[in-house]
Each structure stands twice: as C-alpha cells, then as structure tokens.
1. I'd like the full set of residues that are farther than 25 Å from residue B:129 by Cβ and in contact (Cβ under 8 Å) with a residue 60 or more places away in the chain, limited to the stretch B:180-228.
2. Could you figure out which of (1) under 26 Å from residue A:273 (Cα atoms); (2) modelled with pLDDT under 85; (3) away from every other protein chain (no Cβ under 14 Å) isn't true of residue B:185?
3. Residue A:174 fails exactly one of the following numbered conditions: (1) away from chain B (no Cβ under 11 Å); (2) touching a residue at least 40 places away in the same chain (Cβ under 8 Å); (3) crowded, with 19+ Cβ neighbours inside 10 Å; (4) closer than 27 Å to residue B:275 by Cα. What is the number of that condition?
4. Can you say whether residue A:241 is outside any helix (DSSP H, G or I) and more than 10 Å from chain B (Cβ to nearest Cβ), as far as the supplied structure shows?
5. Could you check residue B:124 against (1) part of a helix (DSSP H, G or I); (2) out of contact with any helix residue (DSSP H, G or I) (no Cβ under 6 Å at 6 or more places or on another chain) and say which number it fails?
6. Of the conditions (1) more than 9 Å from chain B (Cβ to nearest Cβ); (2) over 30 Å from residue A:37 (Cβ atoms), residue A:283 fails just one. Which one is it?
7. Within the stretch B:241-299, track down each residue that is more than 18 Å from residue A:150 (Cα to Cα) and outside any helix (DSSP H, G or I).
8. Can you tell me which of B:236, B:245, B:257, B:241 is more than 11 Å from chain A (Cβ to nearest Cβ) and under 28 Å from residue A:136 (Cα atoms)?
C-alpha cells in the first residue's frame with residue numbers, strides 16, 4: 001500500500017490529478033455517494049427550516065395534543081400539539097451546528113498543535129505530545145458532564161468542551177503528517193530560499209496534509225453529534241426552548257408507549273445523518289488512500 | 001516487560017493527580033453552594049453545616065484535607081443524603097455497574113470478534129458486507145435510541161422481556177446488556193476485521209495454508225493472537241466508554257448502579273458525590289487503560305518499545 005504522503009507529494013507535480021483520482025474512486029463507492037447526497041439534502045433542509053417548515057417553531061395547539069402522522073402533520077404532533085417535522089428541522093439545525101462548530105474548534109487546535117510539534121521536533125515535540133498523551137488518558141465524558149453541571153448548560157461551553165476533547169486525535173494525525181512531509185525536497189527547497197517556518201508550515205506543509213484532515217474531519221462530526229445527543233438525552237446538553245435531535249429523542253422515549261412516532265422520527269433523523277457522515281468518511285478515506293488509526 | 005509496566009504506572013500517577021486536582025477545584029468553583037437550597041436555612045444552621053463539612057477553612061486546606069482523606073480511601077460524606085458516605089453509595093452501585101459492564105463486554109466481544117473473523121475470511125463478499133453494514137448501524141445507533149426501541153419491541157409489543165429493573169425479574173438483565181454492548185460489538189467487529197485482514201496476508205499464514213491447515217485451524221491456532229491485538233488495545237478505552245454508556249443505560253432501565261447515581265448527583269448538585277464518583281471512575285479508567293496496554297504489549301512485543309502509545 002502506498003503511503004498518503006507519497007500521493008500528496010505527487011500533487012505538486014500535477015495539481016489536479018490527486019483530487020480527480022479521488023473523486024473518481026469516491027464515485028465508484030455507492031454507499032459514500034448515497035451518504036453525500038443524503039447529507040446535502042439534510043443540510044439544505046435544516047438550513048432552510050424557517051422557509052420550508054410547515055408550521056412556526058413555537059406554534060402549539062393544546063387542543064390537538066399528540067396525534068399520529070397525518071396529511072396535515074406528516075410526522076405527527078407531540079403532546080403540546082407541536083408539529084414534529086418542524087421540531088426535527090429546527091432541532092437538526094442545532095445538532096448539525098454543534099457537530100460542525102465543535103469539529104472546527106477541534107480542527108483548528110489540532111492542526112496548529114500537531115503541525116508545530118511535528119515541525120519543531122526534538123524537545124518541544126516531546127513536551128507537546130506528552131501533554132496530549134496525558135489528556136488522552138483523562139476520562140473526558142465524565143469531565144464534560146462535570147463542566148455542564150458546574151457551569152450551567154451553556155451552548156458555547158458545550159462547543160468548546162466537545163472541541164477540546166476531539167482535537168487530540170487531530171493533533172496526533174497532523175504531527176505524523178508534518179513529520180514525514182518535513183523530509184520532502186520541496187520543503188527543503190522552501191527552507192533554503194529563506195522562508196520563515198510559519199510561512200513554510202502554512203503555505204507548503206499544511207496544504208499537503210489536507211487529505212487526511214478532510215477524512216478525519218468527516219469522521220469526527222458524527223462522533224461530536226453523538227456526544228451532543230448523549231448529553232441532551234441526559235438533560236445536560238441543549239436546553240428548552242431550543243431543541244436538538246438528542247432532546248427530541250429524550251422526550252420521545254418518555255412517551256414512546258403511547259406515541260411511538262415521537263421516538264422513531266427524531267431517532268431516524270439522527271441515525272440516518274450519522275450513517276451518511278460515516279459512509280462518506282469511510283469512502284473518502286478509501287478514495288484519498290488514508291490509512292486509518294481509527295479503524 | 002517489568003520495566004514497561006513500571007514506566008506506564010509512573011505515567012498514570014500524574015494523570016490521576018491531575019484528575020483529582022481539576023475536579024476538586026472545578027466543583028468548588030461552581031456557582032451556588034450545596035446548601036443554597038429552596039428552603040431558606042438559618043445562618044447559624046448554615047454555619048454549622050459548613051463546619052461539619054469542613055467548608056469554613058481556606059480552600060488550600062480543604063484540598064489538602066481531601067487528599068489526606070483520599071489517601072485513606074475516604075471520599076467524604078454525601079451532601080445530599082446526610083449520614084451516608086460517598087463510599088457507601090459507591091459500594092452499593094459498583095457491583096451492579098460492574099455486572100452490567102461484564103455482560104455487555106462479553107456480548108460485545110463474542111459478537112464482535114465472530115463478525116470480524118467471518119468478514120476477514122471472505123473480504124468483499126456478502127459474508128463481509130452483511131456484518132460490516134450491521135456494525136455501521138451499531139455505531140450510528142446510539143444507546144439512548146437503541147434502548148427505548150428494544151424496550152418498545154421486546155418489552156411492550158412482544159412482552160418477552162421485562163422493561164426495567166435489575167435482578168428482580170428473570171431476564172431483566174438481557175436488554176440493558178445488549179443496549180450497552182452493541183456499539184462496542186460494532187467497533188470490535190471493525191477492529192478485528194482490520195486486524196485479521198492484516199495478519200491473514202502475512203507469509204506465515206500462507207505457509208500454514210500451504211501445509212493444508214483448515215480455515216478454523218489457521219484462524220484459531222495462527223492468526224487470532226496477532227489479529228486481536230487492536231481489539232485488546234481498544235478494551236481500555238472501551239471500558240471508559242462502557243462506564244459513560246452506563247449513565248444512559250442505567251437511567252433508561254432504572255438500574256441502581258454507579259451511572260445512575262452519578263447522573264442523579266449531577267442534578268442534585270451533590271458536590272462531594274460528584275467529586276468522589278469522578279475521582280473513583282477516573283482511577284478505574286486509568287487502571288483499565290494500563291491493563292489493556294500491558295496486555296497488548298504482552299501479545300505484541302513490538303509495542304513495548306513505544307512507551308507513549310496510548311491508543
């Protein structure tokens with residue numbers, strides 16, 4: 001198996017070939033294509049929620065109460081007579097936003113930390129990576145719950161806390177990438193022209209490590225979304241009046257005996273989105289030929 | 001090997017200390033004291049309570065006192081349940097959670113390793129795709145969704161199994177164990193498939209096959225030890241995940257275990273209980289990571305040189 005860096009180095013010779021190859025390989029992977037299409041649909045649907053949702057977010061009809069799916073309410077209504085489809089569309093905005101923003105936080109910290117450690121090497125590298133090792137050993141799930149308890153259930157803190165957990169793997173992958181890229185001739189050439197290390201990192205090294213980072217970003221988003229749903233289910237994540245898929249599942253589980261659709265539709269929304277992201281991530285990994293340490 | 005174990009233990013100590021320190025100060029930094037409850041408490045009573053729980057001395061003294069108690073294995077009294085110590089509450093929940101965890105892990109290992117081996121023996125055939133698609137479903141279907149669905153189907157519609165409790169009714173341990181274990185079965189299936197695929201392409205496996213060894217002999221006699229190293233290394237992190245997962249599963253099935261106590265303590269703002277449980281669970285997790293690293297190193301001598309390998 002050829003290494004990713006080998007492929008990525010070729011990219012310098014013929015800029016588009018790596019990405020064209022990858023796209024062709026991805027298109028052959030039907031599951032990944034289905035995942036990508038489903039994902040685009042979900043993202044479009046939730047971003048357009050205020051325009052396409054059949055009812056207002058806070059519209060309730062206490063006289064109606066919980067009703068099974070019907071022509072007027074495709075996914076049924078909850079005990080307050082709120083339209084479930086509308087709730088799912090708005091909840092999805094939060095679930096996806098948490099997934100993307102927390103992953104972005106993780107990506108920024110992880111890429112910076114990993115590339116500095118990998119580029120500097122030596123003692124700096126040893127200290128920085130030992131720090132990562134120690135954090136790795138901490139039981140983070142318990143810590144996030146603790147943070148949510150101690151500082152109240154605040155969304156910004158949730159983004160930061162989840163992002164702060166997920167950057168560790170990113171930093172490790174980035175460091176390995178940078179270490180091997182650093183040995184390449186083009187980096188040596190850049191160094192010899194007198195460019196500063198920062199410019200070399202941002203202009204020459206990081207762009208060449210983009211493949212693996214895309215793959216791990218795609219695979220991190222579903223695990224972040226799962227974490228958010230987990231916390232919301234326990235009542236420690238998103239708080240009403242805002243809603244998320246995890247919170248909807250938690251409400252649904254309470255009344256599933258009488259109104260099973262309140263559990264099934266939000267559950268399906270979450271599972272299908274996670275499915276799409278994971279299939280797309282796996283497909284991208286094969287297409288970009290990144291060997292996985294997550295597997 | 002002994003050197004490896006000692007070094008890994010030495011690495012675990014700062015982690016445990018960091019956990020204790022961070023948790024202690026986080027809990028103390030929390031806005032709102034434990035006695036700022038709904039009922040107005042008389043100032044004298046509040047003062048007496050604070051004296052009883054040693055909250056009236058400087059923070060550093062509280063911290064040192066806590067460390068000293070901890071060294072004796074004393075996690076202090078519970079704020080919420082006067083007269084009960086955190087130790088007692090933990091001791092009543094631990095056996096339940098441990099039992100649940102063991103069942104879930106056995107289920108996960110059995111199903112996961114079996115599926116992984118089957119898939120690796122015939123890669124890119126139906127025998128590979130079917131278990132791996134199921135594994136993907138297992139990963140994407142969170143326990144807090146799977147649990148209620150299992151209850152709905154097997155408990156309410158089919159009425160085959162009890163829907164809650166622990167040890168009261170026959171069969172009430174089945175659904176929680178499956179709910180908790182299935183995601184790990186899925187991860188283990190993927191790990192053992194990848195591990196077995198790598199081992200099965202080695203020369204010594206070809207030699208074994210050339211000598212006429214059957215599939216089962218190749219797998220059990222030659223490939224399993226090497227192929228399962230990723231699974232063994234995953235057991236430490238999996239244990240941590242099982243504990244976190246037990247928060248949800250114990251809440252769903254109303255099981256009186258550690259996870260349920262932790263979530264209740266979190267809602268009750270029972271600070272000593274939160275602190276004690278966090279410290280206790282963290283130490284357990286660090287110990288299990290250590291054991292799984294040592295086991296992996298025992299199975300694969302190459303790992304012994306990589307001291308910093310944490311996954």
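The values are calculated or read from the model by the stated rules, or taken from the named source; none is laboratory data. Model, not experiment: these values are computed from the prediction. So basically every Cβ, Gly included, is an ideal-geometry build from the backbone, and we count neighbours across all protein chains shown.
1. Those that are farther than 25 Å from residue B:129 by Cβ and in contact (Cβ under 8 Å) with a residue 60 or more places away in the chain: B:180, B:225.
2. Single failed check for residue B:185: (2).
3. Of (1) away from chain B (no Cβ under 11 Å); (2) touching a residue at least 40 places away in the same chain (Cβ under 8 Å); (3) crowded, with 19+ Cβ neighbours inside 10 Å; (4) closer than 27 Å to residue B:275 by Cα, only one is false for residue A:174: (4).
4. Values: outside any helix (DSSP H, G or I): yes; more than 10 Å from chain B (Cβ to nearest Cβ): yes.
The answer is yes for residue A:241.
5. Condition (1) is where residue B:124 drops out.
6. (2)
7. Across the stretch B:241-299, the qualifying residues are B:254, B:255, B:256, B:257.
8. Values: B:236 fails: more than 11 Å from chain A (Cβ to nearest Cβ); B:245 fails: more than 11 Å from chain A (Cβ to nearest Cβ); B:241 fails: more than 11 Å from chain A (Cβ to nearest Cβ).
Checking each option against the conditions leaves just B:257.
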